[in-house]
1. Which of the residues belonging to the range 127-165 are in a loop (DSSP other than H, G, I, E, B), open to solvent by less than 30 Å² (accessible area, probe 1.4 Å) and either under 15 Å from Leu69 (Cα atoms) or in contact with an Asp or Glu (Cβ under 9 Å, 6 or more places away or on another chain) (or both)?
2. Just the residues that are in contact with a Gly (Cβ under 9 Å, 6 or more places away or on another chain) and farther than 20 Å from Ala81 by Cα, please, taken from the range 94-131.
3. Looking for something surrounded by fewer than 17 Cβ atoms within 10 Å (Cβ to Cβ), on the phi > 0 side of the Ramachandran plot and either modelled with pLDDT under 95 or not in a helix (DSSP H, G or I) (or both) - is there at least one such residue anywhere in the range 195-206?
4. Limited to the range 81-114, what total is found for residues that are of a type in the set (A, V, I, L, M) and within 19 Å of Arg5 (Cα to Cα)?
5. So Glu7 fits all but one of (1) surrounded by fewer than 21 Cβ atoms within 10 Å (Cβ to Cβ); (2) under 13 Å from the mean Cα position of the chain (by Cα); (3) within 18 Å of Ser160 (Cα to Cα); what number is the exception?
6. Are there strands (runs of 3 or more DSSP E) fully within the range 16-124 with at least 3 residues that are open to solvent by less than 20 Å² (accessible area, probe 1.4 Å)? List them.
7. Does Ala79 qualify as being free of Cβ contacts under 8 Å to residues at least 24 places away in the same chain and within 23 Å of Ala154 (Cα to Cα)?
Amino acid sequence: MLLCRAEPLAVRPPAHLLRVRLLLAPAGAWSVLVPEDKPWRGGPESVAEVLSGWGSAIAIGTDRPVLSLWWEAGRTGFALAGGFRRTVVYAWDAAGRPAGEPDTMRTLSARLGLDPVLDLAELERLTRPDADPAVDGEARLLALVALLRRAGLALPPGLSPGESADRLRGAAGVAPGVETLEWSGRRDAVRAGLDAVERGRLGPWVRGPRARLLGAAQVAAGAPLLAWAAHRRRPGWAAAGAVLLAQGAASLAYDRARARR
């Protein structure tokens, strides 16, 4: 499950480039994405690595933070992507024992705009051992999601960490406002990127020297990242490279088209 602090209209274009069938639905002030296909893992990457790559791709495309939640084989965790910022990852084992950097919760609180005192104190409790065996990794992930309600997250009914993949897809499929996203070819992807630029809030970046500089930088960063990820069979990071490449090309094309009007 991926949670992006942006509306579905902004999430749709970069999510198209993931080349995976996804269910996209509004979740309060956020959007939620759930993989619809079962065989979405075909390489050596773990669930955490795949979702980190997807989250980075969408964060780059929306310029908003993306929180990826995962759970499997008794382990749970999350990855927080913030565009060009370093992705931070945190996890718990079946007994609720934490594994991650000490400052992860502070980073999470700051990037999501949570209360630096009250909310951060609750987040830091999730990193401490608990004598109660019921406070396992899944319970900690549920507590994290509950806390995010203060930041405007409202998950549709049935979408909750810990559910099986089939039940999660079933709940997402009937969520209010849900839509199915799937790869529809590079031409449609570029068209979606142009539409995002047209409707975006980029202001002076949309046209002119700064727009061309930004577009060129995205192309220059996306091309080698895409090549590296393809060579190493890293589909998640390949998606991030594809988003950079498509957005850079869309920005340059949009600037050129507008200049001719």
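The values are calculated or read from the model by the stated rules, or taken from the named source; none is laboratory data. Everything numeric in this text was worked out from a predicted model, so none of it was measured. Positions of Cβ are generated from backbone atoms using ideal geometry, with glycine treated the same way; all protein chains shown enter the neighbour counts. Remember, those area values only see protein heavy atoms, side chains included, never the ligands or the DNA or RNA. Shrake-Rupley method; radii C 1.70, N 1.55, O 1.52, S 1.80 Å.
1. Within the range 127-165, Leu159, Pro161 qualify.
2. Those that are in contact with a Gly (Cβ under 9 Å, 6 or more places away or on another chain) and farther than 20 Å from Ala81 by Cα: Ala94, Ala95, Gly96, Arg97, Pro129, Asp130.
3. Looking through the range 195-206, at least one residue is surrounded by fewer than 17 Cβ atoms within 10 Å (Cβ to Cβ), on the phi > 0 side of the Ramachandran plot and either modelled with pLDDT under 95 or not in a helix (DSSP H, G or I) (or both).
4. Restricting attention to the range 81-114, the residues satisfying the condition of being of a type in the set (A, V, I, L, M) are 81, 88-89, 91, 94-95, 99, 105, 108, 110, 112, 114.
Next cut, within 19 Å of Arg5 (Cα to Cα) only: 81, 88-89, 105, 108, 110, 112, 114.
Final tally of qualifying residues: 8.
5. That leaves (3) as the condition not met.
6. Numbers: elements: 22-27, 30-35, 66-72, 75-82, 85-92, 98-100.
Filter on the range 16-124 gives 22-27, 30-35, 66-72, 75-82, 85-92.
7. no
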